[in-house]
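Down below is the structure, laid out as structure tokens.
The values are calculated or read from the model by the stated rules, or taken from the named source; none is laboratory data. Owing to the predicted nature of the structure, the values given are computational and were not obtained by experimental measurement. Glycine also receives a Cβ, built like all others from the backbone with ideal geometry; neighbour counts cover every protein chain displayed.
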Amino acid sequence: MSWLVCGSLAFLLALVNLAMALLGKKRGHAGLLFGSMACGALTLLEEYRMAVRWVQREDWSALMDVLPGMELILTWALFLGLGLNLAALVLHRRREKEKTS
């Protein structure tokens, strides 16, 4: 269940960072970006560990039921998280360039 908490936190931090970028607030954006990416990585690691536990217990039905769907969901979640963080980073840099110009 920790994968659900980490995954939710990854998206929450990315959305907060994007909102701060839209509002022009720079303070703490690097920490939010790092936290979001770290939580996303921990989510993927937890999913992998869950699959390993099922293999060790030889719970093949759990693997066959869950993994095909989770592969698609995790792929979309990864690209969505990367997109949100990239958008926040681009906005922060654009605002930074506007201030120096």
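Is it true that Ser61 is among the hydroxyl-bearing types (Ser, Thr, Tyr), under 9 Å from the mean Cα position of the chain (by Cα) and modelled with pLDDT of 90 or more? Here the answer is no, as Ser61 does not meet what is asked.
Considering the conditions (1) over 30 Å from Leu23 (Cα atoms); (2) under 19 Å from the mean Cα position of the chain (by Cα); (3) exposed (fewer than 15 other Cβ atoms within 10 Å of the Cβ); (4) not basic (Lys, Arg), Val52 is excluded by exactly one of them, (2).
Here Ala41, Ala19, Ala30 are screened, and the one residue that is of a type in the set (Gly, Ala, Ser), surrounded by fewer than 18 Cβ atoms within 10 Å (Cβ to Cβ) and either closer than 15 Å to Met70 by Cα or within 10 Å of the chain's Cα centre (by Cα) (or both) is Ala41. Just the residues that are more than 21 Å from Glu98 (Cα to Cα) and touching a residue at least 60 places away in the same chain (Cβ under 8 Å), please, taken from the range 1-40. Result: Gly7, Ala10, Phe11, Ala14, Leu15.
Give me a count of the residues in the range 67-84 that are surrounded by 16 or more Cβ atoms within 10 Å (Cβ to Cβ) and out of contact with any Asp or Glu (no Cβ under 9 Å at 6 or more places or on another chain). The qualifying residues number 3.
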